[in-house]
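Trainee: Pasting in a structure now, in structure tokens, and then I'll have a few things to ask.
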Amino acid sequence: MITQALYTLRVVQSGPLALLVDAGRFGVRHLGVTQGGAADWVSFSWANWLLGNPLNAAALEIVVGGGLVIELERDATLALAGADLQARLDDEPLQPGSAFRVVAGQRLYFQQPRNGLRAYLAVPGGFLASPVLDSVSATPREQLGGHQGDGAPLRQGDRLSWQGVAQEVRRLPFAMHAAPPFQGDCLALVPGAQSAHFTGASLFRAFNTPWQVDNRADRMGVRLCGPRLECRLHSMVSEGIPLGAVQVPPDGQPIVLLNDRQTIGGYPRLGALTPLATARLAQCLPGDSIRFVVSSREQALARYRACLAQWHVQAPRPLSRKS
């Protein structure tokens, strides 16, 4: 029997936050366990697509960069997508959205962000790790998953492994060659939940004024600063919280909940960002300006399907209202 060779990289210097992620942990929110997974699932998917991997293959999510140094212990082909963190291979700059060859002993360096916040480093077949509740995604708050099973980010001296070589190295479509402009955007929001309980003036302000990304932002959620929103609903029973939910606490400043959010919450919600808008918000830096634009459920689903079609993936059928 032929055994595939084991490939390994070593963390020479740890940055602010680098996590092992996949698409996320699903079917466990009734246990109080959040989904985790890649915050910018679009860039994560492109990184895997470049190597011909399954789109769910485990990759590294590198936040900010800030001094992360990785050394390859064998020759390998890797792929990088997402934010421009001024990555370089030894002294050679690396552009996000590309696959590249690395020789044993070479080092990858990640610095401060030039465009976006999160970069994704993929390896052929995905990194090896033991799944926890059917996912290897690291969730530090819950101490689940990751390369050691405890949700911890990468630390100096850690080693990550994978098996196999890239079966197919792809190039991004022509329109995707340039790094997307992650700084600020119009983010599509599907109104719902308690949106009818907000005052008319608040709804006008919510969709007609810019919001600034606050420095209080992490994988749980992103606070936005702007006009005060007022809701006539002063108390409510806690309920399930979807990805991208826009909660409005008593101070009137929205909080958009991301992958490591709590599973239930009791603040009124303006609605929820679409999956594509949530991925874009995950790349916004503190101080970036965004705007909400109204989207219908049907529009959001059509855009989601169009995105998946780029990778020849079929979107799951939505549940009927009777389901």
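The values are calculated or read from the model by the stated rules, or taken from the named source; none is laboratory data. Remember, it's a predicted structure, so these values are computed and weren't measured experimentally. Please note: Cβ atoms are built from the backbone with ideal geometry, for glycine as well, and neighbour counts cover all protein chains shown. All accessible areas refer to the heavy atoms of the entire protein, side chains included, with ligands and DNA or RNA removed. Shrake-Rupley method; radii C 1.70, N 1.55, O 1.52, S 1.80 Å.
Trainee: Testing ASP260 on (1) charged (D, E, K, R); (2) assigned to a strand (DSSP E or B); (3) open to solvent by less than 20 Å² (accessible area, probe 1.4 Å), one condition comes back false. Which one is that?
Mentor: The single condition ASP260 does not satisfy is (2).
Trainee: Anything in region 303-323 that is at pLDDT 55 or above and among the polar types (S, T, N, Q)? List them, or say none.
Mentor: The answer is GLN310, GLN314.
Trainee: For the subset of region 144-158 comprising residues that are buried (at least 16 other Cβ atoms within 10 Å of the Cβ) and out of contact with any Pro (no Cβ under 7 Å at 6 or more places or on another chain), which member is farthest from ARG261 (Cα to Cα)?
Mentor: ASP158
Trainee: Just one of VAL136, VAL103 is modelled with pLDDT of 95 or more, of a type in the set (Val, Ile, Thr) and under 29 Å from GLY221 (Cα atoms); which is it?
Mentor: VAL136
Trainee: Given the criterion within 28 Å of ASN215 (Cα to Cα), at pLDDT below 95 and surrounded by fewer than 21 Cβ atoms within 10 Å (Cβ to Cβ), identify the matching residue among ARG74, ARG141, ARG88.
Mentor: ARG141
Trainee: Another one. What pairs can you find where one residue is in region 298-313 and of a type in the set (Lys, Arg), the other is assigned to a helix (DSSP H, G or I), and their Cβ atoms are less than 8 Å apart, with a gap of 6+ or different chains?
Mentor: The qualifying pairs are ARG303/LEU276.
Trainee: Being open to solvent by 20 Å² or more (accessible area, probe 1.4 Å) and part of a helix (DSSP H, G or I) is the filter here; which residues of region 27-65 pass it?
Mentor: ARG29, HIS30, LEU31, TRP41, VAL42, TRP49
Per-residue answers, yes or no, for (1) more than 20 Å from the chain's Cα centre (by Cα); (2) under 20 Å from ARG159 (Cα atoms):
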site	(1), (2)
LEU19	no, yes
SER45	no, no
GLU61	no, yes
GLY65	no, yes
ASP91	yes, no
ARG101	yes, yes
LEU108	yes, yes
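Trainee: Moving on. Looking at region 265-279, I want the residues that are within 21 Å of VAL33 (Cβ to Cβ) and have a partner that is of a type in the set (Phe, Trp, Tyr) and modelled with pLDDT of 95 or more with Cβ atoms under 8 Å, at least 6 apart or on another chain. Which pairs are those?
Mentor: Every condition considered, the pairs that remain are PRO275/TRP41.
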